[in-house]
Structure formats: C-alpha cells, structure tokens
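Worksheet: one structure, shown below.
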Amino acid sequence: MGIHDKKVVVIGSGIGGAGCAALLAKEGLDVTLFERNPFPGGKAASFEKDGFVYDTGVHAVGNGEKGPLGEINRIVGGSLKFNVISSGNRIIIGDGEALLPLQYSSDDAILEILEGIGVESRKKDECFLCFKELAAPRTHEEIARLDEMPLKDLIDRFTDDSRFHQMMNATCALLLVLTYYQGSAGEFVYCFSEAAKNGSLSYPVGGMGAVAKSYLDAFQKMGGCLKFNTPVTGIKVQDGRVTGVTLGDEGETVPADIVISNSGLQPTVEMVAEYLDEKYAQWVLSLKSSYGAVSVKYALNSKVIPYPLTLWMPDVNDSHMLDKYVGVFYPVPSNMDENLAPEGCQLVLAGAVTLPFPERSEICEEVLNKIEATMSMLHPGIEEHVLWKLKTDVAYIAKISGRKLGEVIGLAQDYRQVGKNRPSPRLPIGGLYVVGADAGGRGIGTEMAGDSALNVYRMVLSDIERI
Ligand SMILES: Cc1cc2nc3c(=O)[nH]c(=O)nc-3n(C[C@H](O)[C@H](O)[C@H](O)COP(=O)(O)OP(=O)(O)OC[C@H]3O[C@@H](n4cnc5c(N)ncnc54)[C@H](O)[C@@H]3O)c2cc1C
C-alpha cells in the first residue's frame, strides 16, 4: 500500500484541522474532513450581518504573513492575505498609555513604552533590562529552560515596579489568556520575542474566518473532500490502531488509516478512553484550559474609534475603577480592513477575560455589563452610534468549538503543562493524532493551532510508511 492509498480523516475545520487537511492533501493523500458546524473556522470563524463581517472571537494575529498561518498558506497555495497593523496599537494601564510599534525591542521603543506606561523613574533601568530580556530572540533550548517557570517569577528577578508588572500581567492575559502567576515564562517569551523580531502584527483580509476558508478552498482544489453539518461521534480502534470514524446519531462508519482530530485533546481521549492506558487518560483529562472570554460586538453608524487595536486595563491599585470597569481588548477590524463594515460605518469587537465555565452565566452577564460601561467611559457617546450590538458569552464559544468549556485558546500554556509536560499530538493508538491549539504547537492561539498543523503534518509524513 503506497502513501497515496492511505485514507485520512480530519475531524473539525478549526485553523488546526483546516491547515493540516490542506497540507496533507498537497502531498496527494486521500483526505476527508468532517465538520459538525455548517461553517468553517471554529473559534476563528467570521459571520456577515447587514454588511458587517464580525469574528467569533476578538482577534489579532501576532506574526501574520511571517508566522505559521502565512507559512501554511504559502505551502498550500491559498489566497490568504494580511494587513499589517503598522501603527496605533495601544496599551493603556490606568493613566499610563503607550503605543506599541511593530518592532518594539529597540532601545528607543522600549524607553518610550516604559515612559508612557508610567514606570517609576528610579526603576526604569531595571524595567528596561527586563523588557529587553523578554523580547530578545531565543533558541529552542533557551525557551525550554524557561518553560516550567511562571512569568511572574522571571519578572521578579529584575524589578518590583507595579506598573511594569501590571503591563506584563495584562500582556500575558492577551497572549496566553492566563495570569502571569500561571502563564509559562517560556511560552510568553516565545510569543513576545517572535512578534518583536518579525514586526508583523496583522489582521487577515476578510476577517479571521478567511484563514480557515483559504486553507479549505485550497484543500478542495487539491481534491480534498469537505463535509459540513457532519459530527464525528466515535473513533474506531482495532488491535491498537485506528480503523475509521463513526458519523452522526446513525453511526455510519467511514474507514480510515489515519485520524487527525481537531475536536480537542480531551474530547478525543474521551472517544477512545477504553483503548488507552488509564493513567494516561486520567492525566490528559486532568489538564487545565485557558480562561474564557465574553465579547460585545458593536456595529456603529460612524467611525468612533481611530485606533486599530487597544488593550485597556484599570490600575489594580484603583479600587473605584476596578469596581466599575473591566480590562478590555478591543480591535476595530474595519480600521484594518475597510470592507468589514459598510461605508462610513465601523465594527468594534470588545472582549474581556472570564472563567471558561458555560454554566456560570451570571458572571458572564456581569462582565458584559462592565465591558459596556468601560467602552462608554473610554468613548463617551459610543452608544448613540450603535446600529446593533451582539453579546457573546463562554457558552457561545463552547457551542461553536464543540467543547464542554468556553476557553479562549485550548489547553492552558500553564507553566506546569507546557514543553516536555505537554501531551504529544501523537496519541498512543496507531494512526491517531490531535491537531490544534491543544497539542503540537507553540505561540498565540491561532498561531499555536497553525504551528500544530505544520508539526502534525510533518509527523504524519514521517510515520506514514509504518502506518
Ligand atoms: C474571544 C476569543 C478571542 C481570541 N483572540 C485571539 C487572538 O487575538 N489571537 C489569536 O491568535 N487567537 C485568539 N483566540 C484563540 C484562537 O481563536 C484559538 O486558539 C484557535 O482558533 C483554536 O483553533 P483550533 O484549531 O484549536 O480549533 P477550534 O477553533 O477549537 O475548532 C475546532 C473545530 O472542530 C469542530 N469539531 C469539534 N468536535 C467535532 C466533531 N466531533 N465532529 C466534527 N467537528 C468537530 C468544531 O466545530 C470546530 O469547528 C481567541 C479566541 C476567542 C474565542
């Protein structure tokens, strides 16, 4: 049996699944992708309403063309394009405000950021050294040495400046969707230094959904078979190897030599638990996810906000602000791609971090109210320009990604579960792999899913003769 006779099934069309399916189809493999939703992209999908194109989430892409999403697109010959966010990327902590240039690791840029954000002048030198350390290019070995340390501990080695700590804690929440007490220093430094080196912070032309769509268009052109509205309900295993998947409630069986699941590591392990070593299954099921998020999507009848990206955080020492407001990340997609809103209008997506548990709807409600209060405080009069608003909670994220939790990223890049402590995307069942943000990659959300797609594609090619 040659490699072109092997049947591959991919479960799910998130960025990881769509990317990996397209990469394998490019090698001439016989690939079928089943997606339970009627649309592609999972957490990184886009939808149209009244001429506005809004995303499932609240997104920006750390390295655009120069990162894994661009790399997959080049390999598969996709149509994906990015707009680089060359100016107007703001971070605000209380009364301190700084503009982040694309290449933020130069001495001048760092000094300007520290000045703007309001670090104590007597602590500026130590904050400067810390920023330089976090943004410096690193080898894989150097990153691995930082993996099992919380980011806060690394920063503590340099400074106790409150504003600097708040800025890095907020940046950790943005990149890893974890606090800096939990987030791995290795993962953070990888994300932060790659973005500083590449200077290519971007937003996809056409919205976040354009990423998976571009990969899937290429996939279908190369002969890949794509089926929407088709949930995979089981994975068939015989003699320690996958033999196929079952579909829907009817349980129709589709034979496969290789199954690549983008449905999440834990849901995949649950599907095949009876064939796995109990200790391994329990370990995987005990791993923690990143935090969740809620969002308010504003369709506005005029251009209210001049910036493309803002991260706003209340100063933690200001209890009055903390009571009324919440830290908000608010990209303005139509400032990065004017086709995402009707002429003269503006699309603003404002998101805030919260617990990932869908049943805690009262917490989501409270955070959503605080997002609206924060946006009205930062942009007085915004409400008068609202054509419509859409509020999404963590139950919405869980529903769209087909998971029990509404986590933003996937399995957490917690210092206890990254690097050598992260499960392999190659499961201990022959021919079974997981792809996406849960395993097999590094980076920020969508880019971690893309990195995983590239790594799992290479892994499958290197294993395939033995499968
Ligand atoms: C609010 C929010 C803000 C974010 N902000 C950013 C950001 O600024 N930058 C960034 O890089 N990332 C961001 N992310 C994270 C990023 O979107 C995700 O980490 C990434 O898209 C996950 O991709 P994935 O490949 O792991 O799969 P997912 O997106 O989880 O997709 C999985 C797919 O599999 C399908 N599926 C599941 N089970 C089955 C089944 N049994 N049968 C068939 N299909 C199935 C699902 O329907 C879904 O389409 C954000 C996410 C959210 C929600």
Segment 56-98 - convex hull of the alpha-carbon atoms, volume per residue in Å³: 104
Charge dipole of the chain about the Cα centre (unit charges at C-beta), most positive-ward option of LEU432, ALA18, TYR325: LEU432
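Please give the calculated 222 nm ellipticity per residue for the chain, where each DSSP H segment of at least 4 residues contributes -39500 (n - 2.57) and the sum is spread over every residue; nearest 500 deg cm²/dmol?
Values: 16 runs with 170 residues, N = 467.
-11000 deg cm²/dmol, from helical runs alone.
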Compactness of segment 291-401 - radius of gyration and Dmax, Cα, Å: 14.1, 42
Test item: Cα-centred dipole of segment 219-265, Lys/Arg +1 and Asp/Glu -1 on Cβ, debye: 220
Whichever aspartates and glutamates have a C-alpha closer than 18 Å to that of LYS43, once near sequence neighbours (fewer than 8 apart) are set aside: GLU35, ASP55, ASP393, GLU407, ASP438, GLU447, ASP451
The chain: relative contact order as a whole-number percent, Cα under 8 Å and 6+ apart: 23
Translational D in µm²/s for segment 1-130 (Stokes-Einstein at 20 °C, 1.002 mPa s, Kirkwood Rh from C-alpha pairs): 115
Sequence ranges 78-90, 329-341, ranked by mean other-Cβ count within 10 angstrom, highest first: 329-341, 78-90
For segment 214-279: rounded, prolate or oblate by the Cα gyration tensor [a/c cutoff 1.5]: prolate
Cα shape, segment 61-152, gyration tensor, a/c 1.5 rule: oblate
Hydrodynamic radius by Kirkwood, which averages 1/r over all alpha carbon pairs of the chain, in angstrom: 22.6
Subset of LYS227/LYS420; LYS152/LYS420; LYS26/LYS420 violating a 26 Å alpha-carbon distance limit: LYS227/LYS420; LYS26/LYS420
Overall Cα dimensions of segment 86-198, principal axis frame, Å, largest first: 35, 30, 25
Charge dipole of segment 291-401 about the Cα centre (unit charges at C-beta), most positive-ward option of ASN335, GLY292, SER401: SER401
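Taken together, the values in this text are just the output of simple stated rules run on the coordinates, not laboratory data. In this text, all values refer to a predicted model and were calculated from it rather than measured experimentally. Ideal geometry is used to build each Cβ from the backbone, glycine not excepted, and the neighbour counts take in all protein chains shown.
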